[in-house]
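The block underneath contains the structure these notes are about, expressed in structure tokens.
FYI, it's all coordinate maths here, none of it is from the lab. Note that the structure is a prediction, hence the values are computed from the model and not measured. Cβ sites come from the backbone with ideal geometry, for glycine too, and all protein chains shown count toward neighbours.
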């Protein structure tokens with residue numbers, strides 16, 4: 001699905017990524033961890049097509065795709081919602097603009113398609129654990145966790161093959177963060193979407209990913225498959241292994257909370 005070949009990215013004479021190589025199969029859930037400034041977000045932007053490498057190639061299903069498209073969804077740390085649009089309008093905005101643009105919104109075809117998209121959006125709201133009454137609310141009427149659920153629905157309605165999440169849960173309180181982790185694992189199991197999830201949190205990386213990739217010194221330091229046992233009795237030992245390998249921050253809540 002994704003291949004990064006000999007990627008080098010230089011900003012102002014500093015190498016952010018240097019000879020980075022990574023292959024990701026369709027349907028994998030990749031947790032990416034590492035210290036601040038190690039190139040995690042840069043790698044996501046390269047895969048998204050929002051940035052080009054200084055050298056090397058980013059291949060999506062064997063092709064270089066230099067611009068973002070609907071097949072690559074992106075959920076940032078800060079909620080990407082339009083404050084002047086309702087929840088329902090936020091979710092449907094992406095496909096409406098892609099299919100019709102500005103002028104196309106004046107046509108009868110748009111009105112028919114808009115009804116279909118709104119029906120789909122209501123379905124995503126239910127899937128995200130939100131209520132029908134939330135559809136008409138504005139972002140400032142929602143909690144942080146609710147806004148992040150809408151942001152995920154906003155990405156998923158485009159039916160992306162790849163979902164890129166850049167520390168998407170880091171601003172949430174521990175309880176809401178745990179709820180969102182469980183929801184994301186459930187959605188991944190149901191859809192088979194290829195997910196790359198950037199986090200500083202070791203427990204989160206191990207709980208979510210089928211693989212944990214650690215970045216540092218501008219390249220991949222380690223690439224570890226997460227066995228099923230790492231979600232059970234061996235979890236604490238496995239988290240320690242990842243933390244020692246990557247020197248990233250330890251979890252800010254107890255392991256037992258994640259295995260409950």
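Things worth noting here:
- When the helices of the chain are scored as -39500 (n - 2.57) per DSSP H run of n ≥ 4 and the total is divided over every residue, the value at 222 nm lands at -11500 deg cm²/dmol.
- In terms of its alpha-carbon gyration tensor, the chain comes out oblate; a/c meets the 1.5 threshold, while b/c is at least as large as a/b.
- Highest to lowest packing among 157-170, 133-146, 18-31, 86-99, scored as the average C-beta count within 10 Å: 157-170, 86-99, 18-31, 133-146
- Remark: 200, 71 ranked as 71, 200, counting other beta-carbon atoms within 10 Å and listing the fewest first.
- Modelled label reach - residue 1, point 7 Å along Cα→Cβ, segment 49-82 residues with backbone N closer than 16 Å: 49, 59-63, 69-75
- Mean Cα-pair separation over length for the chain, i.e. relative contact order, pairs under 8 Å, 6 or more apart, %: 27 percent
- Highest mean first, the peptides 4-11, 204-211, 34-41 sorted by other C-beta atoms within 10 Å per residue fall in the order 204-211, 34-41, 4-11.
- Descending by average beta-carbon neighbour count within 10 Å, the peptides 218-230, 175-187 line up as 175-187, 218-230, the highest first.
- Gyration tensor (alpha-carbon) shape descriptor, segment 82-159, a/c threshold 1.5: prolate
- Taking the longest Cα principal axis of the chain as reference, the axis of helix 108-127 is set at about 50 degrees.
- FRET efficiency, residue 114 to residue 138 (Cβ-Cβ, R0 25 Å, nearest 0.05): 0.85
- Arranged from fewest to most other beta-carbon atoms within 10 Å of their beta carbon, 82, 124, 197 become 82, 124, 197.
- Cα gyration tensor category, rounded, prolate or oblate, for segment 70-200 with a/c compared to 1.5: prolate
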